[in-house]
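Working notes, beginning with the structure itself.
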Amino acid sequence: MKKINLLFIVFSLVAVMNAQNKPATPQLGKDSLKEVIKAMTLEDKIYMVMGLGEDSWKNPATGPKTVLLSGAAGRTWDIPRLGITPAVLTDGPAGLRIEPRQEGFSHLFYCTAFPTATVLASTWNTSLVEEVGKAMGNEVLEYGSDVLLAPALNIQRNPLCGRNFEYYSEDPLIAGKMTAAMVVGLQFNGIGTSVKHFVANNIETKRTSINAVVSQRALREIYLRGFEIAVKEGNPWTVMSSYNRLNGFYTSQNFDLLTTILRKEWGFKGMVMSDWWGGDDAIAQMKAGNDLLEPGATQRAVLKDALKNKTLSQKTLDRNLMRILDFIQKTPRFKGYQPSYHPDLEAHAVIARKAAAEGMVLLKNDNSTLPFKKVKKIALFGKTSYQFMTGGTGSGEVNYDHAPSLDEALIAAKFQLPKSLTDCYKQFIDSVKQQEKKEKQKFAVDFAPELNLSKDFIQSQVKNSDIAVITIGRQAGEGWDRPESSFSLSEVEKNLVKNVCTSFHAAKKKVVVVLNIGGVIETADWRDLPDAILLAWQPGQQGAHAVVDLLKGTENPSGKLAVSFPMKYADVPSAATFPGEPKDNPVNAFYTEGIYVGYRYYETFKVPTAYPFGYGLSYTNFKYSDLKLSDTSFDKEITVSVKITNIGKTAGKEAVQLYLEAPKQTIDKPEKELKAFAKTRLLKPNESEVVTFKLDGRSLASFWSGISAWIADEGKYKIHIGASSDDIRAAAEFSVPKKLLVGKTHDVLYPNFLLHEISPKK
C-alpha cells in the first residue's frame, strides 16, 4: 500500500513538473503578435481574416448565433484561448447605425443623427467637425461598438451620385481636411474609424462591378489626394477598399493601390478591410494587402485550398493577421471597457444643432429678407416642410428618437401657421404613410410627388400670413444614383414656387425657399422668383431647429458651398459619361474630365455657374485687407496672412479661401485651385482677425504622369484670397526661380483604356 502511495506521489510530482515546464498558451496583449499567430491553427487563421456579417453571426459557423450589438454591420472573429476578442463594426457616416431594441435591455438605444458630410464640409470649420466627431465617437463607445465605418470622402464628381450626401466636397483638399478632423474627433474616444471608399467610388450604379477608368494624374491630384491627407493627418485605424474596379482591377485586389501607394508611399500602418462582399478573388485580396474580408463567410474553403496548393503563402496570411491583431488589441472591447449604454444624447443634440446651422448656406437674400422682421404668421408650403429630411438612405441612416419637422420647429419658436394649410399637408402625408404601411416601403413621403395646390388655395393663404416659406426636398441613398430628372424641379414644384411668389408678391409680402436636399440641384430656372433661398442640405435631426435659428437671426449664416451649383446638368463636365457606358447597363466609367472636376472645370473653361464654389452670404459683411507674403521668392515655404474685418452690424464668421494660380508651362493646369482655407472666430462688428496660411512645395506642384513625380514649374505664382472661387478680394505674386521636384512616386495605376481627356488647349 505504501509502495502504491509512493508511486502515486512520484507520478504526481512528475505531472506537476511537466505542467510547469510546458509553455503557456500565448495571449494577445501579453505575448508578441508572432507568438500568438504561431499558436493559431490553420482554421483559426482562415477564420481570423474572414469577418462575420449581420447574416452570419455564428461563432463557430456551426455553433449558436451570437449577436454582440444588434444592427451592427459586422464583427471580427474571436479566439478565447488566445485572448483574442471580437471587434464590432458599425455603419455611420452621419451617426451610429444600430437597432434601437437590444436584447437584454429595457431602454431603447437611440443615436444622434448628425448633419451629413456635405453639411459639415459647408462649415469650412475643421475644429467644429472634430467636435462633431468627438460626440459621435462617444456614442460608438458607450453603445459597445469598436469601429465606426466612416468617414466617407469620395469626390462629388457628379451631382447625381446617390451617396453624395455622405461625401464632403468636389475638392480633395476640403474632403481630406474634413475627414482628418472627423477621424481625430472620433478616435479621441478610443474607438476606430474606417476611412472609405478607397478609391474612385463616385458612382452607385453597378457599383460592385463598374470599372472607373481614370488617368494617373487625375487619380493623384483629385481622387487619391483626399485619402492621402486623411491618412497622414488623421491616422485612421482602418481603411475600407471600395466596391468598384479601378483601371481594370478591383480596388480590394490591387496591390499597387493598397500596398505600393497606401503603405509604402503614405506610410499607413493600419488594417485594410473590404467593403461588404467586395471583390471577386479572396486570394488576390489577401496578396494585395486587403487584410480583412467582410463578411467573408463564403470564402473560407477557397483560402484553405489556396494554402494547401501554395497559391497563397503562409507568410502573406501571417502578414495580414499581424495587422488584424494589432488592430484588435487597440479596441475598447479588448481593453475591457464597460459601456454605459447611456451616452449624453441631449448634449450631442446641441452640437448637432450648432453644426447644422453653421453648415447651411444662404444663397440669396434680396433686400435683407432674412432674418425675419416683424414676422409672426408663416404660410408654410411643401411636403418636406412637414417631414424634414435628416439624411440619406442606406448605411447613412440613423435610428434617432425624434427629428422635428420644420412646422414643429416654427411652432416651438412661437410662430403661427395657418391651420387650413398645415391640415392640407398633414392629411396628404398621412395618406402617403398609410400607403407606405400597406406596401411596406420606406421613405415613401420623401419620394412622393409634391402636393399640387391650386392657385386659389395658395391665394387664400396670403391674407392671414406675413411671409411664405417653401421647402423643396430631394432624397438619395446607397446603391442607386439619382435620375437626371431629379436635378431639376418638377412641373408641380415649379408651379408651386411661381404661384406662391406671384400671390405673395402681389400683396407686397416676401417668399423664402428652403432646400432640404442631399445633392446639388438646378436653381437657375427659378431662383429669381423668391426673395431668399436657404440651402439647408440634409442637416441631421436638429436641422429644422437650425433652419429656424437662421430664419430668426439667432444664428448668422456662415456656411459656404463645398460643391459648385451649375446652371444646368449638361454643364457638368462628367454629364456625358455618367454613370458609364453603355448607359443602360454601364461597364466602364470614363473619367474624361481628368483633373477638371467642379470649379476647376467651370473656372478654366469659362462655364458660368448658378452659385460658384465657396459661395455663401451672411447677415453681415467682411473686409479683406493687409495681404502679406513672407517672401516674394519661394524656397521651401511661404507664409501668407490676411486681415479679415467685420464691417457690418451683426456678429459673424467668415470662411477665408486661398486659391493658387500656377504658371502653365509643361502641362495644362486649372485656372486656380484651392490650396488652403480657414474659418474665423465669431467676429463682432468692427472686430478683426488675421488669418495665416502656409504653402509648401506640394501646394505648388502638379503631378506629371510621364515621370511619376510632383513638379512645381518655375515662374510666377499668383495667390488669390477670396470669399469664393469667383469672389477674389486680394491677390499677390511670388516666383519660383527654378523647377522643383517635390516628390517622386511609383509609376502605377495605368488606365486600361486610352482616355481622351478634355483640355483647355484643345
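Observations, loosely collected:
Each row is one residue, and each column tells you yes or no for (1) crowded, with 18+ Cβ neighbours inside 10 Å; (2) closer than 18 Å to residue 196 by Cβ; (3) polar (S, T, N, Q); (4) touching a residue at least 24 places away in the same chain (Cβ under 8 Å).
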position	(1), (2), (3), (4)
258	yes, yes, no, yes
272	yes, yes, no, yes
276	yes, yes, no, yes
289	yes, yes, no, yes
298	no, no, yes, no
303	yes, no, no, yes
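- Options 457, 487: the member that is among the aromatic types (Phe, Trp, Tyr), in contact with a Cys (Cβ under 8 Å, 6 or more places away or on another chain) and either touching a residue at least 40 places away in the same chain (Cβ under 8 Å) or surrounded by fewer than 22 Cβ atoms within 10 Å (Cβ to Cβ) (or both): 457
- Which numbered condition residue 66 fails, given (1) assigned by TED's automatic domain parsing to the domain that holds residue 195; (2) at pLDDT below 95; (3) over 20 Å from residue 144 (Cβ atoms): (3)
- Looking only at the range 555-584, and only at residues there that are more than 28 Å from residue 527 (Cβ to Cβ) and modelled with pLDDT of 95 or more, the one that is surrounded by the most Cβ atoms within 10 Å (Cβ to Cβ): 580
- For the range 475-506, the set of residues classified as closer than 17 Å to residue 443 by Cβ and among the aromatic types (Phe, Trp, Tyr) consists of 480 only.
- Residue satisfying all of: in the range 237-258; outside any helix (DSSP H, G or I) and out of contact with any Leu (no Cβ under 9 Å at 6 or more places or on another chain); farthest from residue 588 (Cα to Cα) among these: 237
- Count of the range 473-492 residues which are under 21 Å from residue 570 (Cα atoms) and more than 29 Å from the chain's Cα centre (by Cα): 1
- For residue 130, the conditions (1) of a type outside the set (Gly, Ala, Ser); (2) closer than 20 Å to residue 231 by Cβ; (3) surrounded by fewer than 24 Cβ atoms within 10 Å (Cβ to Cβ); (4) more than 14 Å from the chain's Cα centre (by Cα) all hold with the exception of (4).
- Subset of the range 70-87 (residues that are within 21 Å of residue 344 (Cβ to Cβ) and modelled with pLDDT of 95 or more): none
- In the set (1) surrounded by fewer than 19 Cβ atoms within 10 Å (Cβ to Cβ); (2) part of a helix (DSSP H, G or I); (3) touching an Asp or Glu at 6+ places or on another chain (Cβ under 9 Å), residue 318 fails one condition alone, (3).
- Helices (runs of 4 or more DSSP H) contained in the range 408-499 and holding at least 3 residues among the aliphatic types (A, V, I, L, M) and in the same structural domain as residue 532 (by TED's automatic domain parsing): 419-439
- Condition broken by residue 394, with the remaining ones in (1) under 28 Å from residue 70 (Cβ atoms); (2) modelled with pLDDT of 95 or more satisfied: (2)
- Restricting attention to the range 35-57, the residues that are loosely packed, with under 13 Cβ neighbours inside 10 Å and either modelled with pLDDT of 95 or more or not in a loop (DSSP other than H, G, I, E, B) (or both) total 3.
- When we screen 306, 347 for residues that are at pLDDT 95 or above, not assigned by TED's automatic domain parsing to the domain that holds residue 121 and not basic (Lys, Arg), the only hit is 347.
- Condition met for residue 553 (over 25 Å from residue 618 (Cα atoms), of a type in the set (Gly, Ala, Ser) and more than 22 Å from the chain's Cα centre (by Cα)): no
- Scope the range 92-107; condition loosely packed, with under 13 Cβ neighbours inside 10 Å and of a type in the set (Gly, Ala, Ser); matching residues: 104, 106
The values are calculated or read from the model by the stated rules, or taken from the named source; none is laboratory data. It should be emphasised that the depicted structure is a prediction, and the values quoted were computed from it without experimental measurement. Here the Cβ is made from the backbone with ideal geometry for all residues, glycine too, and neighbour counts use every protein chain on show.
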